[in-house]
Each structure stands twice: as structure tokens, then as C-alpha cells.
Amino acid sequence: MGISLRDLDCVVILHGHLDHTEGLIPLTRHLIEAKINFIPHKVPELITHPRCFYPRPNSLLPNIGSLLNEDETRRQFLVNLSDKPVWITEELVFLGEISRNAEDCTARRKFGV
């Protein structure tokens, strides 16, 4: 894509499961190395839901949530926790929290989603 990770303006995490958050660790390492070596870089805004960093216990593992906690993330990013829509560009929006109701859950089970 020709985009350096040091030039990111924004990172969006849809929810706090490991499959969505595990990339924060190598990105954090990359940004810390840039700081240490005085390499020019941006501090990206991280947009996510307020509960993104809550522990997510699972029957197989003690936590399937983010391996970085909120405090460490705030040291590396401009953190924007929002359950409301956040416009990123004129054409791109983070939707925030999408409510689930009984009808949504029934439809999801019916279609295997």
C-alpha cells in the first residue's frame, strides 16, 4: 500500500476481542522504536468502544480480550473511547455501540451469525 505505519492518523478497533486488538502490540513496538531512535512519526488517534479493554474471559482461556490494557494504550495513542458515532473522514464513520435486542439475537441465531 505504500503507507508507513509511522504516518498513521487513525486506528479503529471495532471491539475488544484478541482478533481485533492483537495488532496493537507490534504497532506499539514500532512507535516506541521510532521515539527511541528519534525517527519522525505521528501519534495516531485510536478510536474504539469504551469497553474495548475490559477483560473477556472464555471457557478455554482466561482472557480473549486485548493484551494491552487501556493505560498502556493511552501512553502510545490518542485514545478516543466512544459509544457514539465518530466521523473519521467525510465518508467514513465509526458507528460506536450498536445495540442488540432480542429480535437481533434471534435473527443472528437463525442465520448462524
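The values are calculated or read from the model by the stated rules, or taken from the named source; none is laboratory data. The shown structure was predicted, so the numbers you read here are calculated from the model rather than taken from an experiment. Please note: Cβ atoms are built from the backbone with ideal geometry, for glycine as well, and neighbour counts cover all protein chains shown.
A compact table of results
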item: Some residue of the range 44-54 being surrounded by fewer than 14 Cβ atoms within 10 Å (Cβ to Cβ) and more than 14 Å from the chain's Cα centre (by Cα); result: no
item: Unmet criterion (only one of (1) at pLDDT below 90; (2) on the phi < 0 side of the Ramachandran plot) for PRO40; result: (1)
item: Unmet requirement for GLN76, which otherwise passes all of (1) of a type outside the set (D, E, K, R); (2) crowded, with 16+ Cβ neighbours inside 10 Å; (3) closer than 17 Å to ASP19 by Cα; (4) over 12 Å from the mean Cα position of the chain (by Cα); result: (3)
item: Subset tally (residues that are closer than 17 Å to HIS41 by Cβ and either under 9 Å from the mean Cα position of the chain (by Cα) or free of Cβ contacts under 8 Å to residues at least 12 places away in the same chain (or both)) for the range 2-28; result: 7
item: Filter result for the condition that a residue is among the aliphatic types (A, V, I, L, M) and buried (at least 16 other Cβ atoms within 10 Å of the Cβ), over LEU61, LEU8, LEU18, LEU14; result: LEU8
